[in-house]
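Report on the following structure.
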Amino acid sequence: MSIVQIVTIIGSIPLFSLRTFLPAFLTALLLTYPEYFPGLEGVPAVSEEAFISRNWVLIVLGSLSLLEIIGDKNTDVRNLLKNAETYLKPIAFLAINLSLLDETSVEVLQEVQWAAFDPLWVVLAFGALMVHWLATLRRDFLDFLEDIDEDDNLFIGRITSWIEDSLVVFGFLLLIWTGIIMVILYATAIAFFVFIRKRYDKKLEEQKLKCFNCGEKNLPFAVKCVNCKKLQPQIYAIGIFGQKKEELIVNVEKHQLNLLSHRKCADCGNKLDSNRLFQNCHFCGNAHFQSPTVKEFIKNQDKKFYKIAGLSFLLGFVPVVGFLTSAVIANIHLFSPYRRYIPKGSSFLTKVFIKILTFLFFVVGIALGFIAAPVYIVLRYYIWKKKFQSRAGKSANFLSSAEKTTT
């Protein structure tokens, strides 16, 4: 194994941990058409007999890369694929690096000025494991971002996706020109990310409060102890991103409704993994939507709706900005609490319809925002509320049938 291959394997690890097909397509494009890359005009292409340089391979990898880039901008597609990607990425990494072991490919790579360092015999199996580990780390980071902005109301997920696309392209070019610098930069970035994540987990643990009765540690916005179920004397409010606010609650029921709107347990405040309405919290065993009930939850959302609809009318007098501001506020406080309990796949067509609706009302809102903003919010609220009520009704009927069958 040559130094070039060692640098290639190590340097491509972070690229494949970010994207499955884009690094593979860029590698195939480099070997087939090196003259299209800056500074590599005099480098010969691989033989036409090489598997990676065949036209159909380039077309397939290019198409998959394009679909990957577009799909990653969609919250539903990203959530659907993020678990499978942790296995797909190591496979793509192995497939591409094994193809680079062909003599024709190695000869081309030798002509490129890859930066070298003392040979380190890195086996492909280790590289694949590293890709899997980094892809898992990326998935956990996306889960963390999803907790902050689950429906991408603030475009955090979309911005992150574009940054990842840029990092893959930039990292690939940097790997060609100065491989060792690229490896150092990405290793530093990964180390920094791990440090930040551990620091966040430590801070979250430090925020937990000991139960006055049993001494168990609870989240700062927990209403009852996760262990002994005693009502906690000190309960902090929860922010719009699920973070602890530096203020104590005065109304327990209102706070529990706020926890439900974040899809958190109304008692212990922990995140619920499933989007089912009626379920038991796997931390404290509390029956979800038993108290407060679904009707109380909808009633609370209706109160917010009247206030935000009125606010949107006033904001609508401010051209463009007013409409966008009212739309973001409604997304966070009105629509997301319902959407969090609706399966991603079942709401796909609804989201497509809403995107068309959003575009049309945005055009109208440029001049008539005071009309467009309230109407837009009323229609969207009605759509998500009806879907939530329908899901609640089906869940209740299912539970009722199950109880009858049991008895």
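What follows is calculated from the coordinates using simple rules that are stated; it is not laboratory data. Keep in mind the model is a prediction, meaning the values are calculated, not measured. Virtual Cβ from ideal backbone geometry, glycine too; neighbours counted across all protein chains shown.
So the values come out like this:
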quantity	calculated
Charge tally in the Cβ shell below 11 Å around His132, where Lys, Arg are +1 and Asp, Glu are -1, His132 excluded	+2
Region 200-260: relative contact order as a whole-number percent, Cα under 8 Å and 6+ apart	20 percent
Sequence of Val250, Val375 once ranked by neighbouring C-beta atoms within 10 Å, starting from the fewest	Val250, Val375
Around Ala309: net Lys/Arg minus Asp/Glu count, Cβ-Cβ under 15 Å	+4
Gain in span if fully extended, Val318 to Lys217, counting 0.36 nm per residue against the direct Cα distance	31.6 nm
Ascending count of other beta-carbon atoms within 10 Å, so fewest first, for Asp140, Asp165, Asp267	Asp140, Asp165, Asp267
When each of Lys264/Lys299; Lys271/Lys307; Lys198/Lys271; Lys244/Lys394 is checked by Cα-Cα distance, pairs over 23 Å	Lys271/Lys307; Lys244/Lys394
